[in-house]
Each structure stands twice: as C-alpha cells, then as structure tokens.
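What follows is a short report on a single structure.
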Amino acid sequence: MTDLQITLFGAGGVFIVGVFSYNKWQEYKAKKSVERAFSTDHDDVLMREGDAPAVEAQEPVLRQEPRFDAAPAAKAEPSFGAPPVAPVSDAPVHAEPSLADADPVAATPAAPAQQEVSAASEQATSLVDPLIDCLLPLSLEAPVRGDKILPVLQTLRLVGNKPVHFIGLHVNGDWEPITHGGVYTKMQGGVQLASRSTALNELEYSELVTRLRGVADEIGAEPEVPDMMEVMAEARNLHRFVAGHDAQLGVNLHTNGAPWTISTLLFALEKQGFDVRPDGRFVMPDGEGGYLFSLSTNVTLAEETTPRLTLLLDVPCVAPARDGFGAMVACAKALVGRLDATIVDDYNQALSDAALAEIAGQVQEFYQEMDAADIPAGSTRALRLFS
C-alpha cells in the first residue's frame, strides 16, 4: 500500500468521524428541544424552605482563551533550542467564560472571606486551566447540588491518557471545584490538551464529545463543544512546546576502583538522605512530599555490583527556588568522598567545576524561558504537562 493510499484512507476516516459526530449532535439537539418543551421536572433545591436563597447567577466576564502565540508583550517567546511554536493566530478565536467573576464591591485583600475566595478560585484554575486545557462550558437547566452530579462526573475522568476535570459556579458567585453540599448554577469542564507523551488527537476528542453529551444529559446540562480543528491545532502547538522543553539533566559518578556492591551503596545513599520509593527508585526528598532529583544504579535488581551511578534532575518539574541542579551537584560531590568516585559526563569525561557552573547557567536560562511562556518550572501547570 502506497503512502498516498494510506493518507487518503486516513483522511477518509477523519471525514467519516466528523460526519458521524455532526449527525449525532443534530440528533442530540433535537432530542433536547423536545425534552425542554414537555418536561417541567427541575431541581428546585434553592426554593425549599431552610435552604440558601437563590442568587441570580452573574454572567462571567468573557475573555479570549490564552494561547502560546498570544503571550504578554513583555515576555519573549521560548527558544531553548526547541522547534519554534507554530502560531495559530489565523484560527478563529472563541471566547470562554472566565474562571472568576469580577466583583467591584470586593472586600479588602486582608479580609479572610476574600482570602478563602482567592484560594477556591486558584484551586479551580489549577483544575481547569485555560492555558493547557480545552474548555467545555456547560449551561445548567436549573441549579444543581454537587452531591447529585459528582457520581456522574466521576464517570468521565480520562480520555486516552488526558485528564478531564470539572468546576462549578457556586451560588455565591465563585468558581470552585465541585464538592458535596455545594450548589452550582453553571459548570465548566476541561480536558488537558497535551502531556509529556502525546497531544490530544481526533479520536480522543470525538470520544470526549460523545461521553460529555451523555454526562450532560444525566445532569441536565447543555454543553458547548469547541471546533475540533481549532482544538487539534492548539493541542499540537502545546505539545511542541512540551517536547521542546522536556529537559532532564544527569551527572554520573564512576568508581575509581572496584565496582561498588549494592549493599554498600544502600548504606551510603541512606546516609546521604535518599529515600527508596515503592517502585525501587532512589529519590532525594524536597521536604514537601515531592523530590528534587533521583538516582539510578544503572543495573538490574539481579546484579550485585555496579561501577556507575547516575543522578537525574527533571528540570521542568522542580521550581528554580529549590535549586535542584545545585542540590544535585552538592550531593554528587558528597558521594565522591563517601564512595571514592569521580563526577563524569555520559562519555566518562571528568566534569570540572567550571563545566558544572556553565550547565547551571543554562538551567537558569531554561527557567526564564518557561516563565516567559507562563509555565513556571515546578508549578502545578508544569507538573500537569510534564507528567
């Protein structure tokens, strides 16, 4: 089969999926129109005596969905030896609801109530992020309680390997993660556009749309589905950025004498502060449940000795303030004294202090590029993308 035939078959498949999805959408809209015309069964939980009074839902401020080609003017586009991020400015731009309604009568910043609101809004944005998620607005037919819709939402948590999250507009006017006891007048879904491994593709998006409509039917909502071609362009654009900034730095320790026995290594690594994870990895904890860098013995579990250790830093997943590279180099130098070893590169050439300092400078430049793209290293956004 020639490349042309394969291409034509692929294009035909995508066209058939698009036509099928369009027909199902038309059928769905007709069904919903009939249901709205003849159904009066609404959830009047806000009108019951003793419940919180109904609050008129504020219309969220509309804003354009952030894109990688629309970075703030004061920030330079990332260029850390990565392929340029293809612009998608010629694609139609659709406005999405803001995740936090503006309130001109807000309390002073020191007020505890506003601090709680800010925390809830920040948590909501970390779940449904306009920069790295495809936003999926859901208009509710009537206010709903969180405990009523949570079991339904739990059925749509992943599409392929891309996480799907939902947040709600509470009756108090704040966007927040949907919880038991909350009452919501609007909802917003989000599917992550890319991960370290792949971008969201057409088949995953078609599956998402089909399953989302089933969820919407069960909770009494009307989804707003973005155009597939625009979503695919944004997903590929984001994945190019992730692939171009997927940096892992390693330094090696090579024995100056006989290979180390694994039992000797375990004792030395424990003294140095390493933890052994359930999967067998050695990691240096950061004090907050995460880790700064990992260590590999470069041999299988069946081996009893090794002549080489590798310390590895996952650069985009460690915040600059933690100085992961500096901590890793300091650990390597401490192990040199414990194990009688030499710090070498991947070609067994000794790494001088000057060479290590040069690498540290490149790491700082890398951090600046990630900041310029509004994806700071070690942030929730970066951890989601580089997973």
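The values are calculated or read from the model by the stated rules, or taken from the named source; none is laboratory data. All values reported here derive from a predicted model rather than from experimental measurement. Note that we place each Cβ from the backbone using ideal geometry, even for glycine, and neighbour counts take in every protein chain shown. Side chains included, ligands, DNA and RNA excluded: accessible areas come from the protein's heavy atoms. Shrake-Rupley method; radii C 1.70, N 1.55, O 1.52, S 1.80 Å.
Brief remarks on what is shown
- Inter-site label distance for residue 152 and residue 275 at 7 Å from Cα along Cβ, in nm: 4.0
- Under 5 Å between amide hydrogens, built in the peptide plane, is the criterion, and for residue 186 it picks out 169 among residues at least 5 positions away or on other chains.
- The equivalent ellipsoid that matches the C-alpha gyration tensor of region 156-234 spans semi-axes of 25, 14, 11 angstrom, in descending order.
- The accessible surface of region 260-348, taken with every protein chain in place and a 1.4 Å probe, is 53 percent carbon and sulfur.
- For residue 293, the residues whose modelled amide H falls within less than 5 Å of its own, excluding neighbours fewer than 5 places apart on the same chain, are 284.
- Apportionment of accessible area to carbon and sulfur, region 141-229, percent (1.4 Å): 57
- Extension reserve of the residue 179-residue 261 stretch, reckoned as 0.36 nm per residue once the Cα distance is removed: 24.3 nm
- Using θ = phi - 60° and Karplus 6.51 cos²θ - 1.76 cosθ + 1.60, couplings along region 283-294 (whole Hz; Gly, Pro as x): 9, 9, x, 9, x, 10, x, x, 9, 8, 7, 10
- Between residue 197 and residue 230, the distance separating the two model label sites (each 7 Å from Cα on the Cα→Cβ line) works out to 3.0 nm.
- For region 370-387 versus region 281-324, the gap between their alpha-carbon centres in whole angstrom: 20
- Accessible solvent surface per residue of region 192-280, calculated while the other protein chains remain in place, 1.4 angstrom probe, Å²: 44
- Given R0 = 22 Å, the distance between the Cβ atoms of residue 342 and residue 303 translates into a calculated FRET efficiency of 0.55.
- Amide H contacts under 5 Å for residue 178: 168, restricted to partners 5 or more places along the chain or on a different chain, H placed in the peptide plane at 1.01 Å from N.
- Per residue accessible area of region 328-387, 1.4 Å probe, in Å²: 49
- With all protein chains kept in place, the per residue accessible area of region 145-187 amounts to 37 square angstrom at a probe of 1.4 angstrom.
- Distance (nanometres) between label positions extended 7 Å along Cα→Cβ at residue 358 and residue 330: 2.5
- In terms of packing, defined here as the mean over residues of other Cβ atoms within 10 angstrom, the peptides 181-193, 137-149 line up highest first as 181-193, 137-149.
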